[in-house]
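Here's the structure, in C-alpha coordinates; my notes come after.
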Amino acid sequence: MKDLNSDIFDPTAGMDSDYSRASCASSSDADFGFAFNDSNFSDRLLRIEIMGEPPESRPDSVGCTSILDWARRKRRREDCKKDNVVDLNGCPEEQVLNGSQPDMDDAIPCDNLDDEPAQMIEELHSGDEAANGDESSWGMDCSTVIKVKTLHISSPILAAKSPFFYKLFSNGMRESEQRNVTLRITASEEAALMELLNFMYSNTLSCSTASALLDVLMAADKFEVASCMRYCSRLLRNLPMTPESALLYLELPSSVLMAEAVQPLTDAAKQYLAVRYKDITKQEEVMALPLAGVEAILSSDDLQVASEDAVYDFILKWARTQYPKLEERREVLGARLARYIRFPFMTCRKLKKVLTCNDFDHDVACKLVLEALFFKAEAPHRQRILAADEASTSNRRFFIERAYKYRPVKVVEFDRPRQQCVVYLDLKREECANLFPSGRVYSQAFHLGGQGFFLSAHCNMDQQSSFHCFGLFLGMQEKGSVSFAVDYEFAARSKPTEEFVSKYKGNYTFTGGKAVGYRNLFAIPWTSFMAEDSHYFINGVLHLRAELTIRS
(Lines give C-alpha, C1' and ligand atoms only; values in the text may rest on other atoms or scores of the structure.)
Protein backbone atom coordinates (compact mmCIF):
# COMPACT_ATOMS: atom_id res chain seq x y z
CA MET A 1 0.00 0.00 0.00
CA LYS A 2 1.25 3.43 -0.88
CA ASP A 3 2.57 5.49 2.05
CA LEU A 4 -0.12 8.06 2.81
CA ASN A 5 2.54 10.42 4.15
CA SER A 6 4.33 10.67 0.83
CA ASP A 7 3.70 13.45 -1.64
CA ILE A 8 1.74 12.35 -4.68
CA PHE A 9 4.13 14.32 -6.88
CA ASP A 10 7.29 13.38 -4.96
CA PRO A 11 9.51 11.74 -7.62
CA THR A 12 11.20 9.68 -4.89
CA ALA A 13 7.90 8.32 -3.64
CA GLY A 14 7.21 6.09 -6.64
CA MET A 15 4.29 7.73 -8.39
CA ASP A 16 1.48 5.26 -9.05
CA SER A 17 1.49 4.07 -12.64
CA ASP A 18 -2.19 4.96 -13.00
CA TYR A 19 -1.55 8.52 -11.85
CA SER A 20 -0.48 10.55 -14.81
CA ARG A 21 -1.34 13.72 -16.57
CA ALA A 22 -3.57 11.76 -18.90
CA SER A 23 -5.50 10.10 -16.07
CA CYS A 24 -5.97 13.48 -14.44
CA ALA A 25 -7.24 14.96 -17.64
CA SER A 26 -9.72 12.12 -18.14
CA SER A 27 -11.47 13.02 -14.89
CA SER A 28 -10.99 16.75 -15.16
CA ASP A 29 -14.70 17.32 -15.82
CA ALA A 30 -15.79 15.56 -12.63
CA ASP A 31 -17.40 17.61 -9.86
CA PHE A 32 -15.06 17.79 -6.85
CA GLY A 33 -16.78 20.79 -5.31
CA PHE A 34 -17.17 18.89 -2.04
CA ALA A 35 -13.38 18.81 -1.69
CA PHE A 36 -12.79 22.54 -2.08
CA ASN A 37 -10.79 23.85 0.90
CA ASP A 38 -11.35 20.59 2.78
CA SER A 39 -8.28 19.26 4.56
CA ASN A 40 -9.59 15.70 4.29
CA PHE A 41 -9.18 15.83 0.51
CA SER A 42 -6.13 18.06 0.35
CA ASP A 43 -2.39 17.51 0.38
CA ARG A 44 -1.15 21.11 0.38
CA LEU A 45 -1.74 24.59 1.68
CA LEU A 46 -2.15 27.50 -0.72
CA ARG A 47 -1.23 30.88 0.69
CA ILE A 48 -2.56 33.78 -1.37
CA GLU A 49 -0.86 37.08 -0.68
CA ILE A 50 -2.98 39.97 -1.89
CA MET A 51 -1.04 43.07 -2.80
CA GLY A 52 -2.24 46.63 -2.72
CA GLU A 53 -2.17 48.24 -6.15
CA PRO A 54 -0.49 51.55 -6.92
CA PRO A 55 -2.98 54.31 -7.76
CA GLU A 56 -1.94 54.50 -11.41
CA SER A 57 -2.78 50.83 -12.00
CA ARG A 58 -6.25 50.89 -10.46
CA PRO A 59 -9.18 50.81 -12.87
CA ASP A 60 -10.51 54.32 -13.30
CA SER A 61 -13.83 53.31 -14.76
CA VAL A 62 -16.43 50.63 -14.32
CA GLY A 63 -17.27 48.00 -16.92
CA CYS A 64 -15.69 45.70 -19.42
CA THR A 65 -13.28 48.28 -20.74
CA SER A 66 -11.57 48.75 -17.40
CA ILE A 67 -11.04 45.01 -17.10
CA LEU A 68 -9.01 44.72 -20.27
CA ASP A 69 -7.21 47.95 -19.52
CA TRP A 70 -6.32 46.48 -16.15
CA ALA A 71 -5.19 43.26 -17.80
CA ARG A 72 -2.85 45.12 -20.11
CA ARG A 73 -1.43 47.23 -17.27
CA LYS A 74 -0.98 44.11 -15.19
CA ARG A 75 0.90 42.30 -17.95
CA ARG A 76 3.15 45.27 -18.54
CA ARG A 77 3.80 45.42 -14.82
CA GLU A 78 4.91 41.80 -14.68
CA ASP A 79 8.52 41.73 -15.81
CA CYS A 80 8.96 38.12 -14.87
CA LYS A 81 7.57 34.99 -16.46
CA LYS A 82 4.43 33.46 -15.06
CA ASP A 83 6.23 30.92 -12.97
CA ASN A 84 7.83 33.75 -11.04
CA VAL A 85 4.43 34.51 -9.60
CA VAL A 86 4.94 31.51 -7.32
CA ASP A 87 7.32 31.95 -4.39
CA LEU A 88 8.20 28.78 -2.58
CA ASN A 89 11.67 29.59 -1.32
CA GLY A 90 10.72 32.76 0.46
CA CYS A 91 7.76 31.47 2.43
CA PRO A 92 8.65 31.37 6.15
CA GLU A 93 7.47 28.28 7.98
CA GLU A 94 5.81 30.31 10.72
CA GLN A 95 3.28 31.63 8.18
CA VAL A 96 1.74 28.16 7.71
CA LEU A 97 -1.67 27.75 9.31
CA ASN A 98 -0.67 25.35 12.03
CA GLY A 99 2.43 27.32 12.98
CA SER A 100 5.07 24.82 11.85
CA GLN A 101 5.87 22.99 8.67
CA PRO A 102 5.42 19.23 9.33
CA ASP A 103 8.13 16.88 8.15
CA MET A 104 6.97 15.13 4.99
CA ASP A 105 7.97 11.71 6.32
CA ASP A 106 6.43 12.12 9.77
CA ALA A 107 2.91 13.41 9.40
CA ILE A 108 -0.07 13.62 7.10
CA PRO A 109 -0.21 17.26 6.09
CA CYS A 110 -3.13 19.50 6.83
CA ASP A 111 -5.04 16.82 8.75
CA ASN A 112 -8.08 18.17 10.56
CA LEU A 113 -8.58 16.14 13.74
CA ASP A 114 -12.24 17.13 14.00
CA ASP A 115 -12.96 15.82 10.51
CA GLU A 116 -14.72 19.08 9.66
CA PRO A 117 -13.93 21.07 6.52
CA ALA A 118 -11.23 23.59 7.28
CA GLN A 119 -12.24 27.23 7.02
CA MET A 120 -10.36 29.64 4.84
CA ILE A 121 -8.19 31.86 6.99
CA GLU A 122 -7.57 35.50 6.17
CA GLU A 123 -4.71 37.45 7.68
CA LEU A 124 -4.77 41.22 7.50
CA HIS A 125 -1.36 42.86 7.20
CA SER A 126 -0.45 46.39 7.98
CA GLY A 127 1.72 48.17 5.49
CA ASP A 128 4.66 48.25 7.91
CA GLU A 129 4.54 44.54 8.56
CA ALA A 130 4.48 43.72 4.89
CA ALA A 131 7.21 46.15 4.10
CA ASN A 132 9.46 44.64 6.73
CA GLY A 133 8.92 41.04 5.61
CA ASP A 134 11.55 38.93 3.92
CA GLU A 135 9.50 38.24 0.78
CA SER A 136 10.44 39.69 -2.58
CA SER A 137 7.82 41.65 -4.51
CA TRP A 138 8.27 40.24 -8.02
CA GLY A 139 8.37 43.65 -9.66
CA MET A 140 5.70 45.15 -7.39
CA ASP A 141 7.98 47.18 -5.18
CA CYS A 142 5.41 49.93 -4.93
CA SER A 143 2.82 47.53 -3.43
CA THR A 144 2.48 45.87 -0.06
CA VAL A 145 0.73 42.74 1.19
CA ILE A 146 -2.60 43.95 2.53
CA LYS A 147 -4.26 40.58 3.13
CA VAL A 148 -3.43 36.86 3.13
CA LYS A 149 -5.84 34.03 2.39
CA THR A 150 -4.91 30.43 3.15
CA LEU A 151 -6.83 27.40 1.95
CA HIS A 152 -6.41 23.67 1.52
CA ILE A 153 -5.84 22.41 -2.01
CA SER A 154 -5.54 19.07 -3.78
CA SER A 155 -2.55 19.00 -6.11
CA PRO A 156 -4.03 16.21 -8.33
CA ILE A 157 -7.20 18.23 -8.94
CA LEU A 158 -5.36 21.44 -9.75
CA ALA A 159 -2.78 19.62 -11.87
CA ALA A 160 -5.52 17.95 -13.91
CA LYS A 161 -6.93 21.34 -14.87
CA SER A 162 -3.79 23.39 -15.29
CA PRO A 163 -0.38 22.77 -16.89
CA PHE A 164 0.84 25.60 -14.67
CA PHE A 165 0.04 23.67 -11.49
CA TYR A 166 1.00 20.33 -13.03
CA LYS A 167 4.51 21.58 -13.75
CA LEU A 168 4.68 23.17 -10.33
CA PHE A 169 3.78 19.99 -8.47
CA SER A 170 5.63 17.44 -10.61
CA ASN A 171 8.85 19.00 -11.83
CA GLY A 172 11.06 17.02 -9.44
CA MET A 173 12.62 20.18 -8.06
CA ARG A 174 12.69 21.30 -4.47
CA GLU A 175 9.55 23.37 -5.04
CA SER A 176 7.50 20.29 -5.91
CA GLU A 177 8.36 18.71 -2.55
CA GLN A 178 7.13 21.60 -0.44
CA ARG A 179 3.71 21.55 1.18
CA ASN A 180 3.14 25.29 1.21
CA VAL A 181 2.57 27.15 -2.03
CA THR A 182 2.42 30.92 -2.09
CA LEU A 183 0.74 32.93 -4.83
CA ARG A 184 1.05 36.68 -4.90
CA ILE A 185 -1.70 38.56 -6.72
CA THR A 186 -3.08 42.07 -6.85
CA ALA A 187 -6.25 43.08 -5.05
CA SER A 188 -8.14 43.35 -8.34
CA GLU A 189 -7.39 39.68 -9.07
CA GLU A 190 -8.66 38.29 -5.77
CA ALA A 191 -12.30 37.63 -6.67
CA ALA A 192 -11.35 36.16 -10.05
CA LEU A 193 -8.76 33.79 -8.56
CA MET A 194 -11.23 32.49 -5.98
CA GLU A 195 -13.79 31.88 -8.75
CA LEU A 196 -11.10 30.13 -10.79
CA LEU A 197 -10.03 27.84 -7.95
CA ASN A 198 -13.64 26.95 -7.27
CA PHE A 199 -14.15 26.19 -10.97
CA MET A 200 -11.18 23.82 -10.97
CA TYR A 201 -13.05 21.77 -8.39
CA SER A 202 -16.70 22.18 -9.46
CA ASN A 203 -16.64 23.18 -13.16
CA THR A 204 -19.05 26.02 -12.40
CA LEU A 205 -18.86 29.75 -11.72
CA SER A 206 -21.04 31.89 -9.49
CA CYS A 207 -20.44 35.14 -11.39
CA SER A 208 -22.53 36.04 -14.41
CA THR A 209 -21.73 39.61 -15.47
CA ALA A 210 -19.53 40.30 -18.48
CA SER A 211 -16.94 42.20 -16.45
CA ALA A 212 -16.64 39.46 -13.82
CA LEU A 213 -16.44 36.71 -16.45
CA LEU A 214 -13.71 38.60 -18.30
CA ASP A 215 -11.86 38.93 -15.02
CA VAL A 216 -12.04 35.16 -14.46
CA LEU A 217 -11.04 34.53 -18.06
CA MET A 218 -7.88 36.59 -17.63
CA ALA A 219 -7.04 34.75 -14.41
CA ALA A 220 -7.63 31.41 -16.15
CA ASP A 221 -5.26 32.44 -18.91
CA LYS A 222 -2.61 33.43 -16.37
CA PHE A 223 -2.77 30.05 -14.64
CA GLU A 224 -3.33 28.05 -17.86
CA VAL A 225 -6.83 26.72 -17.13
CA ALA A 226 -8.06 26.39 -20.71
CA SER A 227 -11.32 24.68 -19.71
CA CYS A 228 -12.29 27.70 -17.62
CA MET A 229 -11.40 30.06 -20.48
CA ARG A 230 -13.69 28.10 -22.80
CA TYR A 231 -16.43 28.09 -20.16
CA CYS A 232 -16.18 31.87 -19.70
CA SER A 233 -16.11 32.32 -23.46
CA ARG A 234 -19.31 30.31 -23.82
CA LEU A 235 -21.09 32.29 -21.08
CA LEU A 236 -19.99 35.59 -22.62
CA ARG A 237 -21.32 34.50 -26.02
CA ASN A 238 -24.70 33.88 -24.44
CA LEU A 239 -24.88 37.38 -22.93
CA PRO A 240 -26.35 40.28 -24.94
CA MET A 241 -23.53 41.82 -26.96
CA THR A 242 -22.92 45.53 -27.48
CA PRO A 243 -20.52 47.30 -29.85
CA GLU A 244 -18.30 48.10 -26.86
CA SER A 245 -18.15 44.51 -25.60
CA ALA A 246 -17.66 43.14 -29.12
CA LEU A 247 -14.67 45.42 -29.66
CA LEU A 248 -13.20 44.21 -26.36
CA TYR A 249 -13.63 40.58 -27.37
CA LEU A 250 -11.78 41.27 -30.62
CA GLU A 251 -8.78 42.37 -28.57
CA LEU A 252 -8.72 39.23 -26.42
CA PRO A 253 -6.43 37.14 -28.66
CA SER A 254 -3.69 39.75 -28.28
CA SER A 255 -4.34 40.08 -24.53
CA VAL A 256 -4.17 36.40 -23.57
CA LEU A 257 -1.61 33.63 -23.99
CA MET A 258 -4.09 30.87 -24.92
CA ALA A 259 -5.80 32.68 -27.78
CA GLU A 260 -7.38 29.54 -29.23
CA ALA A 261 -9.59 29.20 -26.13
CA VAL A 262 -11.33 32.50 -26.87
CA GLN A 263 -11.54 32.13 -30.66
CA PRO A 264 -15.27 31.24 -30.66
CA LEU A 265 -15.97 34.41 -28.66
CA THR A 266 -13.87 36.47 -31.06
CA ASP A 267 -15.70 34.95 -34.03
CA ALA A 268 -19.07 35.78 -32.43
CA ALA A 269 -17.93 39.38 -31.90
CA LYS A 270 -16.93 39.66 -35.57
CA GLN A 271 -20.30 38.31 -36.65
CA TYR A 272 -22.13 40.73 -34.35
CA LEU A 273 -20.29 43.75 -35.74
CA ALA A 274 -20.71 42.57 -39.33
CA VAL A 275 -24.48 42.27 -38.87
CA ARG A 276 -24.87 45.51 -36.89
CA TYR A 277 -22.90 47.58 -39.39
CA LYS A 278 -24.00 45.74 -42.52
CA ASP A 279 -24.74 49.06 -44.21
CA ILE A 280 -21.48 50.97 -43.92
CA THR A 281 -23.01 53.94 -45.70
CA LYS A 282 -24.36 54.92 -42.29
CA GLN A 283 -20.92 56.26 -41.67
CA GLU A 284 -21.17 58.37 -38.54
CA GLU A 285 -20.86 55.50 -36.09
CA VAL A 286 -18.77 53.27 -38.34
CA MET A 287 -16.21 55.99 -38.99
CA ALA A 288 -15.40 56.09 -35.26
CA LEU A 289 -14.69 52.36 -34.96
CA PRO A 290 -11.12 51.20 -34.33
CA LEU A 291 -9.12 49.18 -36.83
CA ALA A 292 -10.12 45.77 -35.42
CA GLY A 293 -13.81 46.65 -35.68
CA VAL A 294 -13.49 47.84 -39.28
CA GLU A 295 -11.60 44.66 -40.20
CA ALA A 296 -14.39 42.53 -38.71
CA ILE A 297 -17.04 44.35 -40.74
CA LEU A 298 -15.13 44.31 -44.02
CA SER A 299 -14.45 40.57 -43.77
CA SER A 300 -18.19 39.88 -44.19
CA ASP A 301 -19.63 38.68 -47.51
CA ASP A 302 -23.02 40.20 -46.65
CA LEU A 303 -22.30 43.92 -46.55
CA GLN A 304 -25.18 45.98 -47.90
CA VAL A 305 -23.12 48.08 -50.29
CA ALA A 306 -23.82 49.31 -53.78
CA SER A 307 -20.56 47.90 -55.12
CA GLU A 308 -16.98 47.13 -54.17
CA ASP A 309 -16.16 50.65 -55.34
CA ALA A 310 -18.16 51.87 -52.34
CA VAL A 311 -16.13 49.64 -50.01
CA TYR A 312 -12.89 51.08 -51.41
CA ASP A 313 -14.16 54.65 -50.99
CA PHE A 314 -15.23 53.94 -47.40
CA ILE A 315 -11.86 52.45 -46.47
CA LEU A 316 -10.02 55.45 -47.89
CA LYS A 317 -12.27 57.86 -46.02
CA TRP A 318 -11.88 55.95 -42.75
CA ALA A 319 -8.09 55.65 -43.11
CA ARG A 320 -7.69 59.35 -43.86
CA THR A 321 -9.74 60.18 -40.77
CA GLN A 322 -7.99 57.78 -38.39
CA TYR A 323 -4.45 58.10 -39.78
CA PRO A 324 -3.81 61.67 -40.95
CA LYS A 325 -0.08 60.98 -41.42
CA LEU A 326 0.56 59.59 -44.90
CA GLU A 327 3.23 57.05 -43.90
CA GLU A 328 1.06 55.57 -41.14
CA ARG A 329 -1.93 55.47 -43.48
CA ARG A 330 0.04 53.68 -46.19
CA GLU A 331 1.24 51.10 -43.68
CA VAL A 332 -2.27 50.39 -42.38
CA LEU A 333 -3.79 50.24 -45.86
CA GLY A 334 -1.08 48.01 -47.29
CA ALA A 335 -0.54 45.69 -44.34
CA ARG A 336 -4.04 45.48 -42.82
CA LEU A 337 -6.93 46.82 -44.89
CA ALA A 338 -6.10 46.09 -48.55
CA ARG A 339 -6.78 42.38 -47.98
CA TYR A 340 -10.44 43.21 -47.26
CA ILE A 341 -10.99 45.08 -50.54
CA ARG A 342 -12.18 42.69 -53.25
CA PHE A 343 -10.46 44.43 -56.12
CA PRO A 344 -11.62 41.92 -58.80
CA PHE A 345 -15.18 43.20 -58.31
CA MET A 346 -14.32 46.88 -58.62
CA THR A 347 -15.01 48.69 -61.86
CA CYS A 348 -12.11 49.26 -64.24
CA ARG A 349 -12.60 53.02 -63.90
CA LYS A 350 -12.05 52.73 -60.14
CA LEU A 351 -9.07 50.39 -60.58
CA LYS A 352 -7.41 53.07 -62.69
CA LYS A 353 -7.83 55.47 -59.77
CA VAL A 354 -6.22 52.94 -57.41
CA LEU A 355 -3.05 53.06 -59.51
CA THR A 356 -2.77 56.82 -59.03
CA CYS A 357 -3.94 56.94 -55.41
CA ASN A 358 -1.22 58.38 -53.19
CA ASP A 359 -2.62 56.62 -50.10
CA PHE A 360 -1.37 53.26 -51.38
CA ASP A 361 2.24 52.34 -51.92
CA HIS A 362 2.59 52.23 -55.71
CA ASP A 363 4.07 48.71 -55.82
CA VAL A 364 1.27 47.40 -53.60
CA ALA A 365 -1.38 49.09 -55.74
CA CYS A 366 0.09 47.67 -58.97
CA LYS A 367 0.14 44.14 -57.59
CA LEU A 368 -3.48 44.33 -56.40
CA VAL A 369 -4.80 45.83 -59.62
CA LEU A 370 -2.95 43.33 -61.82
CA GLU A 371 -4.32 40.43 -59.80
CA ALA A 372 -7.82 41.88 -60.14
CA LEU A 373 -7.50 42.33 -63.91
CA PHE A 374 -6.19 38.80 -64.41
CA PHE A 375 -9.23 37.48 -62.51
CA LYS A 376 -11.61 39.62 -64.58
CA ALA A 377 -10.07 38.17 -67.75
CA GLU A 378 -10.81 34.59 -66.70
CA ALA A 379 -13.83 32.70 -68.02
CA PRO A 380 -16.73 32.48 -65.51
CA HIS A 381 -16.12 28.81 -64.73
CA ARG A 382 -12.45 29.56 -64.01
CA GLN A 383 -13.47 32.41 -61.73
CA ARG A 384 -15.70 30.06 -59.77
CA ILE A 385 -12.85 27.55 -59.44
CA LEU A 386 -10.45 30.25 -58.21
CA ALA A 387 -13.02 31.48 -55.67
CA ALA A 388 -13.71 27.95 -54.41
CA ASP A 389 -10.01 27.14 -54.11
CA GLU A 390 -9.37 30.33 -52.17
CA ALA A 391 -12.29 29.72 -49.81
CA SER A 392 -11.11 26.18 -49.04
CA THR A 393 -7.41 26.89 -48.57
CA SER A 394 -7.17 30.29 -46.88
CA ASN A 395 -8.99 32.99 -44.94
CA ARG A 396 -8.56 35.37 -47.86
CA ARG A 397 -11.77 36.51 -49.58
CA PHE A 398 -10.21 38.35 -52.53
CA PHE A 399 -12.13 36.35 -55.18
CA ILE A 400 -15.39 35.99 -53.22
CA GLU A 401 -18.22 38.19 -54.47
CA ARG A 402 -20.32 40.06 -51.92
CA ALA A 403 -24.10 40.53 -52.13
CA TYR A 404 -23.87 43.92 -53.82
CA LYS A 405 -26.90 46.13 -54.34
CA TYR A 406 -25.59 46.75 -57.85
CA ARG A 407 -24.46 43.62 -59.66
CA PRO A 408 -20.95 43.59 -61.18
CA VAL A 409 -20.68 43.56 -64.95
CA LYS A 410 -17.96 42.81 -67.47
CA VAL A 411 -17.50 45.45 -70.14
CA VAL A 412 -15.60 45.30 -73.43
CA GLU A 413 -15.19 48.69 -75.14
CA PHE A 414 -14.43 49.51 -78.79
CA ASP A 415 -13.49 52.83 -80.37
CA ARG A 416 -13.60 51.80 -84.04
CA PRO A 417 -15.34 51.67 -86.40
CA ARG A 418 -17.88 53.18 -83.99
CA GLN A 419 -17.93 53.73 -80.26
CA GLN A 420 -19.37 50.54 -78.86
CA CYS A 421 -19.43 48.47 -75.67
CA VAL A 422 -20.48 44.91 -74.91
CA VAL A 423 -21.78 44.38 -71.37
CA TYR A 424 -22.09 40.98 -69.64
CA LEU A 425 -24.37 40.55 -66.61
CA ASP A 426 -24.64 37.22 -64.76
CA LEU A 427 -27.45 36.52 -62.28
CA LYS A 428 -27.64 33.43 -60.07
CA ARG A 429 -30.84 31.43 -59.98
CA GLU A 430 -31.50 32.41 -56.35
CA GLU A 431 -31.04 36.08 -57.23
CA CYS A 432 -33.69 35.75 -59.92
CA ALA A 433 -36.00 33.85 -57.56
CA ASN A 434 -35.76 36.70 -55.07
CA LEU A 435 -37.16 39.11 -57.67
CA PHE A 436 -40.62 37.53 -57.50
CA PRO A 437 -43.24 39.02 -57.47
CA SER A 438 -42.21 42.62 -58.22
CA GLY A 439 -38.52 43.02 -57.45
CA ARG A 440 -35.69 44.44 -59.50
CA VAL A 441 -31.91 44.31 -59.45
CA TYR A 442 -29.54 46.85 -60.96
CA SER A 443 -26.12 46.45 -62.50
CA GLN A 444 -23.14 48.60 -61.71
CA ALA A 445 -22.73 51.58 -63.99
CA PHE A 446 -20.75 51.29 -67.19
CA HIS A 447 -19.76 54.02 -69.61
CA LEU A 448 -20.03 54.72 -73.31
CA GLY A 449 -19.02 58.00 -74.91
CA GLY A 450 -18.49 59.53 -71.49
CA GLN A 451 -22.07 58.79 -70.43
CA GLY A 452 -23.07 56.37 -67.66
CA PHE A 453 -25.52 53.53 -68.30
CA PHE A 454 -26.92 50.60 -66.28
CA LEU A 455 -28.94 47.42 -66.78
CA SER A 456 -31.89 46.44 -64.60
CA ALA A 457 -33.61 43.05 -64.38
CA HIS A 458 -37.25 42.96 -63.27
CA CYS A 459 -40.02 40.59 -62.35
CA ASN A 460 -43.01 42.13 -64.15
CA MET A 461 -46.66 41.42 -64.71
CA ASP A 462 -47.25 40.83 -68.42
CA GLN A 463 -49.92 43.37 -69.30
CA GLN A 464 -51.51 41.27 -72.05
CA SER A 465 -51.46 37.78 -70.53
CA SER A 466 -51.62 38.75 -66.83
CA PHE A 467 -48.77 36.49 -65.67
CA HIS A 468 -45.40 37.27 -64.15
CA CYS A 469 -42.37 37.32 -66.43
CA PHE A 470 -38.69 38.32 -66.59
CA GLY A 471 -37.82 41.73 -68.03
CA LEU A 472 -34.56 43.49 -68.91
CA PHE A 473 -34.04 47.24 -69.27
CA LEU A 474 -31.25 49.62 -70.26
CA GLY A 475 -31.11 53.01 -68.55
CA MET A 476 -28.98 56.14 -68.69
CA GLN A 477 -27.85 57.77 -65.47
CA GLU A 478 -29.26 61.16 -64.57
CA LYS A 479 -26.84 63.80 -65.82
CA GLY A 480 -28.29 67.03 -67.11
CA SER A 481 -30.40 67.13 -70.27
CA VAL A 482 -27.97 65.42 -72.63
CA SER A 483 -29.55 63.44 -75.49
CA PHE A 484 -27.83 60.24 -76.58
CA ALA A 485 -28.84 58.11 -79.58
CA VAL A 486 -27.91 54.44 -79.14
CA ASP A 487 -28.43 51.18 -81.03
CA TYR A 488 -28.83 48.29 -78.56
CA GLU A 489 -29.25 44.53 -78.59
CA PHE A 490 -30.16 42.14 -75.74
CA ALA A 491 -29.02 38.50 -75.83
CA ALA A 492 -28.91 35.52 -73.46
CA ARG A 493 -27.14 32.18 -73.42
CA SER A 494 -29.52 29.28 -73.82
CA LYS A 495 -29.52 25.50 -74.07
CA PRO A 496 -28.71 23.27 -75.79
CA THR A 497 -25.93 25.16 -77.57
CA GLU A 498 -25.22 27.42 -74.56
CA GLU A 499 -24.38 30.18 -77.05
CA PHE A 500 -25.70 33.73 -76.81
CA VAL A 501 -28.97 34.10 -78.73
CA SER A 502 -30.26 37.55 -79.65
CA LYS A 503 -33.64 38.39 -78.11
CA TYR A 504 -34.31 41.99 -79.05
CA LYS A 505 -32.75 44.80 -81.07
CA GLY A 506 -33.68 48.43 -81.18
CA ASN A 507 -32.56 52.02 -81.02
CA TYR A 508 -33.39 54.76 -78.57
CA THR A 509 -32.53 58.39 -77.92
CA PHE A 510 -31.77 58.60 -74.22
CA THR A 511 -32.13 61.58 -71.94
CA GLY A 512 -31.10 61.58 -68.28
CA GLY A 513 -33.05 59.11 -66.16
CA LYS A 514 -34.80 57.35 -69.06
CA ALA A 515 -34.75 53.59 -69.70
CA VAL A 516 -35.78 51.25 -72.49
CA GLY A 517 -36.29 47.49 -72.49
CA TYR A 518 -38.65 44.52 -72.63
CA ARG A 519 -41.09 43.45 -69.92
CA ASN A 520 -41.00 39.83 -71.08
CA LEU A 521 -37.52 39.22 -72.47
CA PHE A 522 -37.99 35.48 -73.08
CA ALA A 523 -41.71 35.61 -74.04
CA ILE A 524 -42.57 32.94 -71.43
CA PRO A 525 -44.26 33.01 -68.00
CA TRP A 526 -42.16 33.37 -64.84
CA THR A 527 -42.85 29.76 -63.81
CA SER A 528 -41.40 28.45 -67.09
CA PHE A 529 -38.43 30.81 -66.84
CA MET A 530 -37.60 29.55 -63.31
CA ALA A 531 -38.41 25.86 -63.93
CA GLU A 532 -35.78 23.19 -63.32
CA ASP A 533 -35.69 22.44 -67.06
CA SER A 534 -35.40 26.12 -68.03
CA HIS A 535 -33.23 26.73 -71.09
CA TYR A 536 -31.74 29.88 -69.63
CA PHE A 537 -29.98 28.75 -66.45
CA ILE A 538 -26.62 27.14 -67.17
CA ASN A 539 -25.06 25.64 -64.04
CA GLY A 540 -27.45 27.80 -62.02
CA VAL A 541 -26.49 31.08 -63.72
CA LEU A 542 -28.41 33.32 -66.14
CA HIS A 543 -25.99 34.90 -68.63
CA LEU A 544 -27.16 38.18 -70.18
CA ARG A 545 -25.47 40.41 -72.75
CA ALA A 546 -26.19 43.93 -73.94
CA GLU A 547 -24.47 45.58 -76.90
CA LEU A 548 -24.57 49.38 -77.14
CA THR A 549 -23.39 51.39 -80.14
CA ILE A 550 -23.45 55.16 -80.47
CA ARG A 551 -25.42 56.10 -83.56
CA SER A 552 -23.52 58.28 -85.99
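The values are calculated or read from the model by the stated rules, or taken from the named source; none is laboratory data. Note that the structure is predicted; figures quoted are calculated from it, not measured. No Cβ is skipped: glycine too gets one built from the backbone with ideal geometry, and neighbour counts run over all protein chains shown.
Within region 294-305, is there a residue that is in a helix (DSSP H, G or I), surrounded by fewer than 16 Cβ atoms within 10 Å (Cβ to Cβ) and either more than 14 Å from the chain's Cα centre (by Cα) or not polar (S, T, N, Q) (or both)? No: zero hits. Scan region 508-546 for residues that are of a type in the set (S, T, N, Q), touching a helix residue (DSSP H, G or I) at 6+ places or on another chain (Cβ under 8 Å) and modelled with pLDDT of 95 or more and the total you get is 1. Among the residues of region 374-401, the ones that are exposed (fewer than 14 other Cβ atoms within 10 Å of the Cβ), more than 13 Å from Arg339 (Cβ to Cβ) and touching a residue at least 24 places away in the same chain (Cβ under 8 Å) come to 1 in all. Residues in region 286-317 that are touching a Pro at 6+ places or on another chain (Cβ under 8 Å) and of a type in the set (D, E, K, R): Glu308 alone.
Only residues that are more than 18 Å from Glu190 (Cα to Cα) and in contact with a strand residue (DSSP E or B) (Cβ under 9 Å, 6 or more places away or on another chain) were counted in region 149-163, giving 2. Contact map, region 229-247: residues that are under 27 Å from Leu197 (Cα atoms) paired with residues that are among the acidic types (Asp, Glu), Cβ distance under 8 Å, separation 6+ or inter-chain. Pairs shown: Met229/Asp221. Checked against the criterion of being on the phi < 0 side of the Ramachandran plot, assigned to a loop (DSSP other than H, G, I, E, B) and among the aliphatic types (A, V, I, L, M), region 504-520 contains not a single residue that satisfies it.
Among the residues of region 358-373, the ones that are surrounded by 15 or more Cβ atoms within 10 Å (Cβ to Cβ) and either in contact with a His (Cβ under 8 Å, 6 or more places away or on another chain) or among the hydrophobic types (A, V, I, L, M, F, W, C) (or both) come to 6 in all. Of the candidates Leu351, Leu337, Leu370, the single residue that is more than 26 Å from the chain's Cα centre (by Cα), more than 24 Å from His543 (Cβ to Cβ) and part of a helix (DSSP H, G or I) is Leu370.
Checking each residue in region 482-501 for being within 19 Å of Val541 (Cβ to Cβ), of a type in the set (S, T, N, Q) and surrounded by fewer than 16 Cβ atoms within 10 Å (Cβ to Cβ) picks out only Thr497.
Residue by residue, here is whether (1) of a type in the set (S, T, N, Q); (2) out of contact with any Lys or Arg (no Cβ under 8 Å at 6 or more places or on another chain); (3) not in a strand (DSSP E or B) holds:
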| residue | (1), (2), (3) |
| --- | --- |
| Leu425 | no, no, no |
| Val441 | no, no, no |
| Ser456 | yes, no, no |
| Gln463 | yes, no, yes |
| Ala491 | no, no, no |
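When the criteria are applied in full, Phe453 fails the requirement of being buried (at least 19 other Cβ atoms within 10 Å of the Cβ) and out of contact with any strand residue (DSSP E or B) (no Cβ under 7 Å at 6 or more places or on another chain). A count restricted to region 520-552 and to residues that are surrounded by fewer than 16 Cβ atoms within 10 Å (Cβ to Cβ) and under 23 Å from Phe484 (Cα atoms) stands at 3.
If you scan region 353-382, which residues turn out to be modelled with pLDDT under 95 and charged (D, E, K, R)? Of everything in region 353-382, those that are modelled with pLDDT under 95 and charged (D, E, K, R) turn out to be Lys376, Glu378, Arg382.
Within this structure, Val256 fails the test of being in contact with a helix residue (DSSP H, G or I) (Cβ under 8 Å, 6 or more places away or on another chain) and farther than 30 Å from Tyr231 by Cα.
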